[in-house]
Amino acid sequence: MSSYAVTSPLIPDEPVKPVQTLSVAKIVESYQKSFGIDVQSYFRNLQEIQIWEGENSLLNFYFPTIAGDEKFYAEISQKYVGYYQTWKWEHEIARQFVKKQQKVLEIGCGNGYFLEKIKADKCAEVWG
């Protein structure tokens with residue numbers, strides 16, 4: 001892997017442990033078969049990535065962090081029709097935690113459907 005110290009993106013001082021190693025070749029093959037998308041370039045010559053877990057928070061996260069760009073999200077939304085659904089089950093669960101007039105920042109908000117809904121329903125101040 002690498003000599004970098006792995007830290008939780010949620011709680012930087014939290015102890016973390018590796019829970020699974022994923023083959024980049026298998027991930028690339030899966031995206032190609034499922035969506036016809038070549039994602040090899042996003043992995044910057046890596047052979048594997050790992051899933052780590054925070055020992056207290058139980059948050060699972062990838063290391064190293066891999067992020068798609070605008071082209072990736074444009075392609076995936078064209079190939080997978082349900083990717084940018086207007087409402088998802090996880091939106092409903094998250095909506096229940098938003099209080100009236102609360103400030104909400106959504107990272108990776110896509111088309112902003114969740115933010116529009118909670119702005120209307122909860123009079124929330126939203127960014128994304």
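Can you say whether Pro18 is at pLDDT below 95 and in contact with a Phe, Trp or Tyr (Cβ under 7 Å, 6 or more places away or on another chain), as far as the supplied structure shows? Explain how you work it out, then say what you get.
Working: at pLDDT below 95: no; in contact with a Phe, Trp or Tyr (Cβ under 7 Å, 6 or more places away or on another chain): yes.
No.
Could you check, for the range 23-43, whether at least one of its residues is in contact (Cβ under 8 Å) with a residue 12 or more places away in the chain and among the charged types (D, E, K, R)?
Looking for residues that are in contact (Cβ under 8 Å) with a residue 12 or more places away in the chain and among the charged types (D, E, K, R), one finds none in the range 23-43, hence no.
In this structure, is Glu70 outside the structural domain of Gly112 (by TED's automatic domain parsing), within 18 Å of the chain's Cα centre (by Cα), surrounded by fewer than 12 Cβ atoms within 10 Å (Cβ to Cβ) and at pLDDT below 95? Before you say what the answer is, go through the steps one by one.
Numbers: outside the structural domain of Gly112 (by TED's automatic domain parsing): yes; within 18 Å of the chain's Cα centre (by Cα): yes; surrounded by fewer than 12 Cβ atoms within 10 Å (Cβ to Cβ): yes; at pLDDT below 95: yes.
So Glu70 fits the description; yes.
Going through the range 116-127 one residue at a time, which ones are part of a loop (DSSP other than H, G, I, E, B) and free of Cβ contacts under 8 Å to residues at least 24 places away in the same chain?
Start the filter on the range 116-127 by keeping residues that are part of a loop (DSSP other than H, G, I, E, B), which leaves 123-124.
Within the range 116-127, Cys123 is the sole residue that qualifies.
So, in the range 13-43, of the ones that are of a type in the set (A, V, I, L, M) and not in a loop (DSSP other than H, G, I, E, B), which residue ends up farthest from Gln78 (Cα to Cα)? Can you show your working first?
Restricting attention to the range 13-43, the residues satisfying the condition of being of a type in the set (A, V, I, L, M) are 16, 19, 22, 24-25, 27-28, 37, 39.
Right, trim to not in a loop (DSSP other than H, G, I, E, B) and you get 16, 19, 22, 24-25, 27-28.
Working: Val16: 36, Val19: 32, Leu22: 26, Val24: 23, Ala25: 23, Ile27: 19, Val28: 18 Å.
Checked the range 13-43; the qualifying residue farthest from Gln78 (Cα to Cα) is Val16.
Looking only at the range 93-110, count every residue that is part of a loop (DSSP other than H, G, I, E, B), in contact (Cβ under 8 Å) with a residue 24 or more places away in the chain and surrounded by 14 or more Cβ atoms within 10 Å (Cβ to Cβ) and tell me the total.
Adding up the residues that qualify gives 2.
Taking the condition more than 27 Å from Tyr4 (Cα to Cα), in contact (Cβ under 8 Å) with a residue 24 or more places away in the chain and among the hydroxyl-bearing types (Ser, Thr, Tyr), does Tyr113 pass? Lay out the reasoning, then the answer.
On the way: more than 27 Å from Tyr4 (Cα to Cα): yes; in contact (Cβ under 8 Å) with a residue 24 or more places away in the chain: yes; among the hydroxyl-bearing types (Ser, Thr, Tyr): yes.
Against the criterion (more than 27 Å from Tyr4 (Cα to Cα), in contact (Cβ under 8 Å) with a residue 24 or more places away in the chain and among the hydroxyl-bearing types (Ser, Thr, Tyr)), Tyr113 qualifies.
Which residues, counting only those in the range 53-80, are within 13 Å of Gly36 (Cα to Cα) and either in contact (Cβ under 8 Å) with a residue 40 or more places away in the chain or touching a His at 6+ places or on another chain (Cβ under 8 Å) (or both)?
Those that are within 13 Å of Gly36 (Cα to Cα) and either in contact (Cβ under 8 Å) with a residue 40 or more places away in the chain or touching a His at 6+ places or on another chain (Cβ under 8 Å) (or both): Glu75, Ile76, Lys79, Tyr80.
Which residues, counting only those in the range 46-67, are in contact with a strand residue (DSSP E or B) (Cβ under 7 Å, 6 or more places away or on another chain) and either exposed (fewer than 10 other Cβ atoms within 10 Å of the Cβ) or of a type in the set (Gly, Ala, Ser) (or both)?
Gly54
The values are calculated or read from the model by the stated rules, or taken from the named source; none is laboratory data. On a predicted model such as this, the values are computed, not experimentally measured, just so you know. Every residue, glycine among them, receives a Cβ derived from its backbone with ideal geometry; neighbour counts consider all protein chains shown.
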